[in-house]
Amino acid sequence: MVYDFRRPDRIAKDQLRAIHLLHENFARSLASSLSAYLRAYVAVNLVSVEQLAFAEFTQVLPSPTIMIALGMKPYDGTAVLELNPGLVFPILEMLLGGTGQGAARIEREITEIEQSILDGLFRIILNDLQSVWQAVTTIEFSILSHETEPQLLQILAPNEAVVSMSLEVRIGEMAGIMNLGIPSITVKMLRQKFDQQWSVRRSAASEDEHARVLRLLQPSELRLEACLEGPTMPVSALLALKEGDVVVFDYPVDRALDLTVNRQLKYHGEIVTSGRKRAFQTAQLAVRP
C-alpha cells in the first residue's frame, strides 16, 4: 500500500464505501423530508463520494454560492455544506408561494431576508444528516457561519483532505447540486466506530434479509412441467399420418424425463403414481452445460 506522508489524513477505501452507504441513506431520508417541507415531489440522489484537498473542493464550487460552515460537536472538525444558486432560488420561490419553475436564472448573493428563510431548510438538512450519522456516532451539526464566496471560506488548510459528497436534488423539472465536505482527519478518527457499526449491521441485515426474502418467496407460484424431449416433425407430415403409420421418436424408454421449473431445466426423473394421481419422482439435479 502506498502511503502519502503529505496527506496523513487520507482514509481507507473500505471506510469510503461505508460513508457512501451512509449518505445513500441520507439522500433517501432527505428526499422524504424535503417533499413534505416543500409540498412537492423531491428526488435526492448521491452522485459521488471522494477525497479531495480542501482547495480542490472549493475550486469546483460556483461563485457566488450559498455555503455554511458546520460545527461537529463533540468533535473539533468543521464541515461545510454548499447549495448551488440554481437550486436555492427556486426553493426560495416555492417557500414564498411560487411554483419554483421560473425561467430566469438568478446568479447573485442572497439577501439577509432570504438567508433567514433558508434557515428552516438548513435545519431540515442538518437534522436528517445528524440522524443518519447516529448509526456510527453522535454528532451535533450546527451552523457556525455563512459565506457566499468559496475562496473566502477559510475553515481548513488548502492541502487538508476532505471527504466530499455531492448530491443531486431534483424538484420537478428543476435540479441542482448540494455538496457536503467533512474533514478526512475527523472521519479517520471514527474508523473503529465505522468497523463496529457496519460489522453489526451486516450480521443483523443478513438474518433480517433472509427472513424477508423467505416471506416474499413463500406465497409465490412455480410452473412445473415434465417434458419428453425428442425429434420434431413438420405439421404437414403430422397431418398426413394415417392408420398403421409408425412414428419413431428415437427416445430410449429407460431415459429419464426432464422437469422444468418456470421453463428452466432443474431435475431429471420419472413419472410415477401417488395414490390416484400422477407424480414426478426426481432422480437427480440437472447439470447445466
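The values are calculated or read from the model by the stated rules, or taken from the named source; none is laboratory data. None of these values were measured; they are calculated from a predicted model. Heads up, the Cβs are rebuilt from the backbone with ideal geometry, glycines too, and the neighbour counts pull from every protein chain shown.
Points to keep in mind about this one:
- Check on residue 201, surrounded by fewer than 19 Cβ atoms within 10 Å (Cβ to Cβ), modelled with pLDDT under 75 and under 20 Å from the mean Cα position of the chain (by Cα): yes
- Of all residues making up the range 250-289, the number that are surrounded by 10 or more Cβ atoms within 10 Å (Cβ to Cβ), in contact (Cβ under 8 Å) with a residue 12 or more places away in the chain, in a loop (DSSP other than H, G, I, E, B) and of a type outside the set (Ser, Thr, Tyr): 3
- Inside the range 118-134, residues that are loosely packed, with under 15 Cβ neighbours inside 10 Å and touching a helix residue (DSSP H, G or I) at 6+ places or on another chain (Cβ under 9 Å) make up a count of 3.
- Test result for residue 110, surrounded by 14 or more Cβ atoms within 10 Å (Cβ to Cβ), more than 24 Å from the chain's Cα centre (by Cα) and part of a helix (DSSP H, G or I): no
Residues are listed down the side, and each one gets a yes or a no for (1) farther than 15 Å from residue 178 by Cα; (2) crowded, with 17+ Cβ neighbours inside 10 Å; (3) touching a residue at least 60 places away in the same chain (Cβ under 8 Å):
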position: 34; (1), (2), (3): no, yes, yes
position: 38; (1), (2), (3): yes, yes, yes
position: 42; (1), (2), (3): no, yes, yes
position: 57; (1), (2), (3): no, yes, yes
position: 63; (1), (2), (3): no, no, yes
position: 67; (1), (2), (3): no, yes, yes
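- Exactly one residue among 138, 148 is touching a Pro at 6+ places or on another chain (Cβ under 7 Å), at pLDDT below 90 and of a type in the set (Val, Ile, Thr), and that residue is 148.
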